[in-house]
Every structure is written in C-alpha cells, then in structure tokens.
C-alpha cells in the first residue's frame, strides 16, 4: 500500500471512529481545544442514505439523515474537518480538532488518549450487540421422514 493510500485510509478510519463516538464522551476525552480559525462554521444538513436489496440489487433511496459538518484550521496551519450524524455542533467541532491534531506531533498522544478508548468502547458495544443477537438465534433443522 502506498504512503498516500495508507494515510488516507488511516485518516478515514479515524474520522469514522470520531463520528461514531458520542458527543459527550468525546468532550470528556478532549476537554481542552487549542486555538483555531473556522474555515466552515458547523452547519446542519441532510444526506440521502441509499440501500440495496440483498447487497447486490439495484440501489434505492432509503431516506435522509441529518448531519453536522465543519472545517477548521489550527494556529500552525493544520486543517481538520468532520461530518457527524445529528445536530451536535460541539461534537463536530471536537472531531475536526482531533482530526487536525492527528496530523501533527500530537498524533501519538491523541491516538492513545482519545482514539484508543473510543476504539475499545466501540468494540465492546459491538461484542455486546453480537452476544445479544446470538442469544436469540434459532437453529432450524429438518427431520427426514421415512416415506421418501
């Protein structure tokens, strides 16, 4: 994998993790924000969600989802951006600041103090959801009748 592709993939993973985190939890993990200038103030909008039947059928419009987006520049010139589900402008701001911080010397600290706990919590939520689904799983089997 080339350096550009690897960096882009890593950044996309970080942005996704920050967007899926809860706003209050991100505020706990990143309470103090460095000085920044707005490139795009947090604004609300909607995106169209698309689906496919059976993962291979023709795409169809499923519905709209509200999102908040913003972009900012830190004092040293690094740019951060974020798109988050819902109407939480503070969540979008903190995610954009974290994105910018992850592009500089603080990347290891932010990864350890912010991303690692969010990643662990997300994994725990997924495990819990999988365990609940497994508990309701039904095994079907067919009895062979002697008439065949």
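Here are the numbers:
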{"item": "Three-way shape call for the range 61-139 based on the alpha-carbon gyration tensor, with the a/c threshold at 1.5", "result": "oblate"}
{"item": "Top of 32, 90, 99 by mean-square fluctuation, Gaussian network on the chain, Cα under 10 Å", "result": "32"}
{"item": "Choice from 67, 84, 47 with maximal GNM fluctuation in the chain (Cα, 10 Å cutoff)", "result": "47"}
{"item": "Whole-angstrom gap from the range 38-80 to the range 9-29, using each part's C-alpha centre", "result": "14"}
{"item": "GNM top mover of 93, 66, 136 - the chain, alpha-carbon springs below 10 Å", "result": "136"}
{"item": "Extension reserve of the residue 40-residue 116 stretch, reckoned as 0.36 nm per residue once the Cα distance is removed", "result": "24.6 nm"}
{"item": "Inter-label distance, nm, simple model (7 Å from Cα along the C-beta direction), residue 25/residue 55", "result": "2.6"}
{"item": "Mean Cα-pair separation over length for the chain, i.e. relative contact order, pairs under 8 Å, 6 or more apart, %", "result": "22"}
{"item": "For percent of Cα pairs over 25 Å apart, calculated from these coordinates, the label among [x] 45; [y] 26; [z] 29", "result": "[x]"}
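Each reported figure results from applying straightforward, stated rules to the coordinates on display, with no laboratory input. Keep in mind that what you see is a predicted model, and the values were worked out from it rather than measured. Because the Cβ atoms are built from the backbone with ideal geometry, glycine has one as well, and the counts that use them run over all protein chains shown.
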